[in-house]
2 protein chains.
Amino acid sequence: MARKASLSGFPEWLPQERLVELHVLDVLRRTFELHGFSNIETRAVETVGQLLRKGEIDKEVYALSRLQAEEGEASGKEDPNQLALHFDLTVPFARYVVENAGHLSFPFRRYQIQKVWRGERPQEGRAREFTQADIDVVGDGDLPFRYDVELALVIAEALGALPIPEFKIRVNNRKLAEGFYRGIGLEDTAGVLRSIDKLEKIGAQRVAELLQEELGATAEQAEAALKLASIRTEDTSFVEQVRALGVSNDLLEEGLDELFQVISEASRRAPGRVLADLSIARGLDYYTGTVYETVLVGHEALGSICSGGRYDSLASKGSRTFPGVGLSIGVTRLVMRILSQDFASASRSVPTTVLLTLATDESWSEAQDIAAQLRSRGISVEVAPKAEKFGKQIKFADRRGIPFVWFTREDGSHEVKDIRSGDQVPADPALWTPPAEDLTVQVTPASVPTA
Amino acid sequence: MARKASLSGFPEWLPQERLVELHVLDVLRRTFELHGFSNIETRAVETVGQLLRKGEIDKEVYALSRLQAEEGEASGKEDPNQLALHFDLTVPFARYVVENAGHLSFPFRRYQIQKVWRGERPQEGRAREFTQADIDVVGDGDLPFRYDVELALVIAEALGALPIPEFKIRVNNRKLAEGFYRGIGLEDTAGVLRSIDKLEKIGAQRVAELLQEELGATAEQAEAALKLASIRTEDTSFVEQVRALGVSNDLLEEGLDELFQVISEASRRAPGRVLADLSIARGLDYYTGTVYETVLVGHEALGSICSGGRYDSLASKGSRTFPGVGLSIGVTRLVMRILSQDFASASRSVPTTVLLTLATDESWSEAQDIAAQLRSRGISVEVAPKAEKFGKQIKFADRRGIPFVWFTREDGSHEVKDIRSGDQVPADPALWTPPAEDLTVQVTPASVPTA
């Protein structure tokens, strides 16, 4: 499984691996639709001007040019009309909302599952082309806070339905953190967040030094900020722990209340899966309230498999602003891990349930009639292309993992053989159906402990 | 419907339009899987070297470069390692087969539904980014001719399940045409095919002139080639019509026999949908036997909505060759037409079947329990974010086309209202289910005549 990609950073799957990915995509689609999210797709390209709308891009972007470009065509980095591949689904979605605001009803709930591209150096868990699955709710002017709670529940349900190990959705709130920093006298809250974001990578000692060296914090301020970041609870007890630090600030109170709402509801509905983690900072992203990150337990080095948060202004159009809250699942990152760790596998490598064998080459057309009868009941069927020896036709099925072969006798009677057990029984093309577990490909978790 | 794309040639759909596209994609996937085709996806990029493998590209290709490229990175047209977006799914599939030959079992049946990109001038029916749905069967060394017959049947079934008007799959055979041209003494068969390909565009008179001026054909030879191209039958009577032209050639006989097999089977199974059309040439494509093209009746100007053919060598690896036969459906072209002509529409714009209203803001959490019960039976549910006046909550549902609203009384009883009829009845969250036609979004053909 998980062979080396022929082009570094551009993974491709074998058919049986793709079945696992399709299963993941189908589970996500079904979960999102059960929660009333509408699907959209946006084009793969944006203009560089659009991509730079929120300021400097910290992602490596692929620009496009026609191979037979003519003089004067947009092709320089400085040209805002230059086309480039999108590096996430948030920027294109924000543009889509603004362009189509007159045709959407708000709050607009959408899911979007597409490839994105980043010209980064490929490494474990990081590809140049990968699939993201995003859900967002966007309001026109305002958006009730309840959606921040709801999205944590939807994601917990979606990830919980996948063949992956235990996961933890770690939630924090920017208002809580920023209010706290202000409360202790640190005004460059973005700077503090950027330092705190490095906690896992460089450790508390170095972060304390950074806060003092780069932001002019005192040793006490640095210690308080680090104390806040060390709070991590599976229930709402984080509130008392924060209060015990004795800092008072209105924004802090607002953030505490919001995070309390998320954790109190989620700890009841998805116990152990959603927790308050006051170290979560989400670095350079422009969130303004709730922030989410998700780790696979035992696979923390993989990085976050699902992140997001609340924006006061996902997009704006004149004086109209569109606040949003959303999360993005790294589908390719998850599927790579599922495949490389054998967390799940497909019951066979083809959709086919039955191979219709041929007794004579002339019976091919008649076999098509039988195939049509079986397919009308949702059974996937292939007809053998040639009347080779039956042993060879059975081997053809066996090699593909097709579980049943069908024989039509000269007297017009039929038999079907389960090539795993060897059992062979009479069958009527108008009535026969396979056991439910053989009707379609099953993707089943391996026996390793999963969530 | 079908608003103007904000970037010319890059169409995007509104949520209710996307539901129509999703329906088309779901129908194709289901049909292909019922016939035992495995799904794969290939990366969006190929190297320019790979794209040029079959010689000059007549498509406009988008090349990639990192926006922050460093000196010495591949970025010139002459560099075979330069990355570019694929312009079809055949070239990537051929590469995939060669790279993974050791992991596939042949004949390999695959379907592939992905975006492709061409930097052409956008026009009606021609976009710069569009989705193709391809099916191919590929053999290792040889591939029985039967698959040429089978693929015509699969495509007729797939297109027949879509909400589109009547269509005609026009089939020809390169051996038949080339054998005939040789039989009348025209050796530059590729040249003749290229001229015949212009028949619909420039007419018989001009083609006759081209054949004489450019290929040195006599008036009689030109007349014979045009006579062949004028043959079009819904049954196998084309054989007699060709024989009546009195040309004798072995390759012609082989082609006649092959086309006979396709048409005799298809005219029986998909009457009126598959026909022999001896004018089909498929221009510059490298087919070696059967060729297919498909028109929507009454929409001929749209161009072919599904084309393909047989390759003696789709790919090769050392001395190993992989013959293939396949077809490609222009999904975006079809969906654009379905939307612009209102051939079909979605029963609502959101997946949601029920909106749970709130009597008080505090009942939100309880409503989540009811929602979970309904969702466990496959019912798509949204919970209102706030306890606004019921009239406002009902309007919220109505605006989205959500057919049912749910009320939970203070005494714990429940009622559900069909907001289309106004009927309101008691309901049990553990038992209630909507009528089947309201459970999921229905995409139904309009009352215009469809196939």
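Taking every residue in B:26-38 and counting other chain Cβ atoms within 10 Å of its Cβ, the average works out to 5. Summarising the amide proton neighbourhood of residue B:345: residues at separation of 5 or more, or on other chains, whose placed amide H is nearer than 5 Å comprise B:444, B:446.
Counting only DSSP beta bridges with both residues in region A:354-444, the antiparallel share comes to about 55 percent. Taking θ as phi - 60° and the Karplus parameters 6.51, -1.76 and 1.60, the scalar couplings of region B:184-191 work out to 9, x, 9, 8, 7, 5, 4, x Hz in sequence order, x denoting glycine and proline.
Summing +1 for each Lys or Arg and -1 for each Asp or Glu among the other residues whose beta-carbon sits under 12 angstrom from that of residue A:141 gives -1. Rounded to the nearest 10 degrees, the angle from helix A:15-34 to the longest Cα principal axis of chain A is 60 degrees. Between 0 and 90 degrees, the angle of helix A:174-183 with respect to the longest Cα principal axis of chain A falls at about 20 degrees. Between residue B:313 and B:324, the built amide H atoms are under 5 Å apart, and every one of these is 5 or more places off in sequence or on another chain. Per-residue 3J(HN,Hα) values for region A:299-309, derived from phi via the Karplus relation 6.51 cos²θ - 1.76 cosθ + 1.60 with θ = phi - 60°, read 10, 4, 5, 5, x, 6, 9, 6, 9, x, x Hz in sequence order (x marks Gly and Pro).
Bridging of residue A:201 to lysines at a Cα separation below 25 Å is possible for A:59, A:168, A:175, A:227, once same-chain residues fewer than 8 apart are set aside. The mean number of partner chain beta-carbon atoms within 10 angstrom of a residue's beta-carbon across peptide B:88-100 is 1. Under conditions of 37 °C and 0.692 mPa s, region A:354-444 yields 249 µm² s⁻¹ as its translational diffusion coefficient, taking Rh as the Kirkwood radius over Cα pairs in the Stokes-Einstein equation. Less than 5 angstrom separates the built amide H of residue A:274 from those of A:169, all sequence-distant by 5 or more or on a different chain.
The C-alpha radius of gyration of chain B, expressed as a fraction of 2.2 N^0.38 Å, stands at 1.21. Near residue B:270: Cβ cut-off under 11 Å, other residues only, Lys/Arg at +1 and Asp/Glu at -1. The net charge is +1. Cross-link partners of residue B:317 among lysines, defined as those whose alpha carbon lies under 23 angstrom from its own and excluding same-chain residues fewer than eight positions apart: A:4, B:54.
Where does helix A:390-400 land angle-wise versus the long Cα axis of chain A, in degrees 0 to 90, nearest 10? Once rounded, the angle reads 0 degrees. Neighbouring Cβ atoms from other chains, within 10 Å of the Cβ of residues in B:382-390, number 3 on average. Listed by chain and number, the lysines whose C-alpha is less than 22 Å from the C-alpha of residue B:417, apart from same-chain residues fewer than 8 away, are B:386, B:389, B:392, B:395. Evaluated with a Cβ-only charge set (Lys, Arg +1; Asp, Glu -1), the protein assembly as shown carries a dipole of roughly 140 debye about its Cα centre, given to the nearest 20. For region B:354-444, the relative contact order comes to 30 percent (Cα pairs under 8 Å, sequence separation of at least 6). Tell me whether region B:166-297 comes out rounded, prolate or oblate; compute the Cα gyration tensor, take square roots of the eigenvalues as a ≥ b ≥ c, and use a/c under 1.5 as the rounded threshold. Here region B:166-297 falls in the prolate category. Residue ranges A:318-325, B:400-407, A:435-442 sort as B:400-407, A:318-325, A:435-442 when ordered by packing (mean number of other C-beta atoms within 10 Å per residue, highest first). Rounded, prolate or oblate: which one fits region B:118-163, using the alpha carbon gyration tensor with axes a ≥ b ≥ c (rounded when a/c is under 1.5, else prolate when a/b beats b/c, else oblate)? Oblate.
Remark: the Cα gyration tensor places the protein assembly as shown in the prolate category, a/c being 1.5 or greater and a/b exceeding b/c.
Considering only alpha-carbon pairs that sit under 8 angstrom and 6 or more positions apart, the relative contact order computed for chain A is 17 percent. Comparing Cα centroids, region A:300-370 and region A:121-163 end up 15 angstrom apart. I'd like the trypsin sites (Lys or Arg not before Pro) in region B:162-214 restricted to DSSP loop residues with at most 15 other Cβ atoms within 10 Å, sorted by number. Counting only loop positions with at most 15 other Cβ atoms within 10 Å, the trypsin sites (Lys or Arg not before Pro) in region B:162-214 are B:198.
Computed with a 1.4 Å probe over protein heavy atoms only, the accessible surface of region B:354-444 comes to 48 Å² per residue. Rounded to whole numbers, the Karplus 3J(HN,Hα) couplings from phi for region A:433-443 are 9, x, x, 3, 6, 9, 5, 10, 5, 9, 9 Hz, using 6.51 cos²θ - 1.76 cosθ + 1.60 with θ = phi - 60°, and x at Gly and Pro. Structural descriptor for region B:166-297: relative contact order 50 percent, calculated from alpha carbon pairs under 8 angstrom and at least 6 residues apart.
The values are calculated or read from the model by the stated rules, or taken from the named source; none is laboratory data. As the structure is a prediction and not an experimental result, all values here were calculated from the model. Note that we place each Cβ from the backbone using ideal geometry, even for glycine, and neighbour counts take in every protein chain shown. Each accessible area value is taken on the protein alone, full model and side chains, heavy atoms only, with ligands, DNA and RNA left out. Shrake-Rupley method; radii C 1.70, N 1.55, O 1.52, S 1.80 Å.
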